[in-house]
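Colleague: The structure's right below; bear with me while I get my questions together.
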Amino acid sequence: MKLLNLENKKILITGGTGSLSKVLLRRLLAGEAGRPARIVVFSRDESKQYSLRAEYLDRSSPTHEVLYENFDSLIEFRIGDVRDLHSVAAALRGIDVVLHTAALKQVPTCEYFPVEAVQTNVLGAENIVRAIREFRLPVETVIGISTDKAASPVNVMGMTKALQERVFTRANLELPDTRFALVRYGNVLASRGSVIPLFLEQISKGGPVTITDDAMTRFVLSLDQAVDCIFAAIDGAAPGEIFVPRIRSARVMDIARALVGDLHIEIRTIGIRPGEKLHEVLVTEEEAARTRIVHGYYVIAPLLPELRAGGVPLGIQEPSYSSSQDLMSYDEVFELLRLHGLTADRTGIDASVELLR
């Protein structure tokens with residue numbers, strides 16, 4: 001599918017030093033959608049900004065030379081917090097496209113500190129809307145990054161992400177010159193918000209590897225698949241639509257077993273943590289009635305009727321899209337992890353842990 005041409009566009013990435021953002025940045029620098037005029041990396045973590053800058057300035061790295069050249073000429077780092085309206089407004093000045101990845105996304109953290117989750121996940125999104133409205137900023141597109149936990153949410157993280165979806169959807173009504181759309185997906189392999197870094201850390205210390213329930217399942221996709229979904233939404237999403245990748249699921253037990261491999265490390269079941277689901281859902285039964293398939297993605301039409309210019313789509317055949325369906329076998333899970341460099345030997349585990357820090 002041909003991407004929207006981002007040639008000469010000014011792009012802001014909130015939460016710009018996270019695992020997803022780093023892959024997103026690499027692919028933008030490679031010019032997959034044209035050469036942007038500027039890419040602003042916006043986050044509150046000075047240390048991670050320094051590390052990211054050092055990574056690109058290290059000429060001994062195997063990263064392609066064009067990335068170095070584009071990094072030197074295109075990247076601007078900004079320290080700031082999505083919780084602060086004026087910080088957000090300053091970062092948005094002159095920006096054409098916003099990729100909003102900043103979030104609190106650890107389920108237990110959000111359960112114990114729900115107001116903090118609201119401040120970042122809900123009011124952070126609202127600050128983007130407010131800044132565009134109150135400072136009359138000519139932003140063309142905002143893409144919000146959501147999660148499967150926002151579908152039929154039972155935990156604070158999912159509830160706040162569901163509200164973020166509604167904040168951006170509603171913004172299309174009052175800011176018709178800016179397109180607000182979203183992507184929603186499950187666990188991203190090796191991202192800092194996923195279970196894999198925890199398992200790798202536990203393995204590197206000799207175990208035990210702790211899982212919450214033997215039957216638990218999760219959607220899994222690679223960082224590049226997540227970026228593909230973002231690019232697809234930039235290219236094709238109408239205001240208020242949610243793009244969902246059609247991905248497979250895995251048993252969390254199989255992920256743990258594949259990571260442990262032949263190492264003599266215990267896998268221990270400890271019980272479901274506060275706010276956890278046994279299975280996740282990417283498209284709910286209610287949403288399925290207004291969902292269509294476009295270029296391999298589920299596209300959920302907005303709930304607000306004012307945003308459905310073409311009426312309600314016919315809907316998909318499935319009653320919902322759950323991680324309990326279409327499960328990968330253990331061998332398929334092992335091969336997926338192997339392909340992404342998450343090896344099961346001691347040396348590989350230590351290297352993977354260091355890479356994800």
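Colleague: Here are 47, 19: which of them is open to solvent by 10 Å² or more (accessible area, probe 1.4 Å), among the polar types (S, T, N, Q) and without any contact (Cβ under 8 Å) to a residue 40 or more places away in the chain?
Modeller: 47 is the lone residue from the list that is open to solvent by 10 Å² or more (accessible area, probe 1.4 Å), among the polar types (S, T, N, Q) and without any contact (Cβ under 8 Å) to a residue 40 or more places away in the chain.
Colleague: Go through (1) of a type outside the set (D, E, K, R); (2) under 24 Å from residue 199 (Cα atoms); (3) crowded, with 16+ Cβ neighbours inside 10 Å one by one and return the number of the condition residue 301 breaks.
Modeller: Looking at each condition in turn, residue 301 falls short on (2).
Colleague: Now for a separate question. So residue 104 fits all but one of (1) within 18 Å of residue 87 (Cβ to Cβ); (2) outside any loop (DSSP other than H, G, I, E, B); what number is the exception?
Modeller: For residue 104, the failing item is (2).
Colleague: If I ask for residues that are under 17 Å from the mean Cα position of the chain (by Cα) and part of a helix (DSSP H, G or I), which ones from segment 128-155 would you list?
Modeller: 148, 149, 150 - these are the residues of segment 128-155 that are under 17 Å from the mean Cα position of the chain (by Cα) and part of a helix (DSSP H, G or I).
Colleague: Further question on the same structure: Answer yes if at least one residue in segment 163-176 is out of contact with any strand residue (DSSP E or B) (no Cβ under 8 Å at 6 or more places or on another chain) and on the phi > 0 side of the Ramachandran plot, and no otherwise.
Modeller: no
Colleague: A follow-up question, please. Which residue is farthest from residue 321 (Cα to Cα), if the candidates are limited to segment 217-233 and must be surrounded by 21 or more Cβ atoms within 10 Å (Cβ to Cβ) and in contact with a His (Cβ under 8 Å, 6 or more places away or on another chain)?
Modeller: Taking the candidates together, the pick is 232.
Colleague: Of all residues being over 11 Å from residue 98 (Cα atoms) and open to solvent by 20 Å² or more (accessible area, probe 1.4 Å) in segment 1-14, which is modelled with the lowest pLDDT? Just the residue, please.
Modeller: Looking at residues that are over 11 Å from residue 98 (Cα atoms) and open to solvent by 20 Å² or more (accessible area, probe 1.4 Å), I get 1.
Colleague: Moving on to the next point. Residue under question is residue 111, and the condition is that it be loosely packed, with under 14 Cβ neighbours inside 10 Å and not β-branched (Val, Ile, Thr); does it hold?
Modeller: Taking the combined requirement at face value, the residue does not satisfy it.
Colleague: Go over the candidates 240, 206, 236 one by one and state the one that is farther than 27 Å from residue 340 by Cα and either acidic (Asp, Glu) or surrounded by fewer than 22 Cβ atoms within 10 Å (Cβ to Cβ) (or both). If you could, list the steps in order and put the result at the bottom.
Modeller: Numbers: 240 fails: either acidic (Asp, Glu) or surrounded by fewer than 22 Cβ atoms within 10 Å (Cβ to Cβ) (or both); 206 fails: farther than 27 Å from residue 340 by Cα.
Every option except 236 fails the conditions.
The values are calculated or read from the model by the stated rules, or taken from the named source; none is laboratory data. All values reported here derive from a predicted model rather than from experimental measurement. Because the Cβ atoms are built from the backbone with ideal geometry, glycine has one as well, and the counts that use them run over all protein chains shown. Quick note on the areas: whole protein, heavy atoms, side chains included, nothing else; ligands and nucleic acids left out. Shrake-Rupley method; radii C 1.70, N 1.55, O 1.52, S 1.80 Å.
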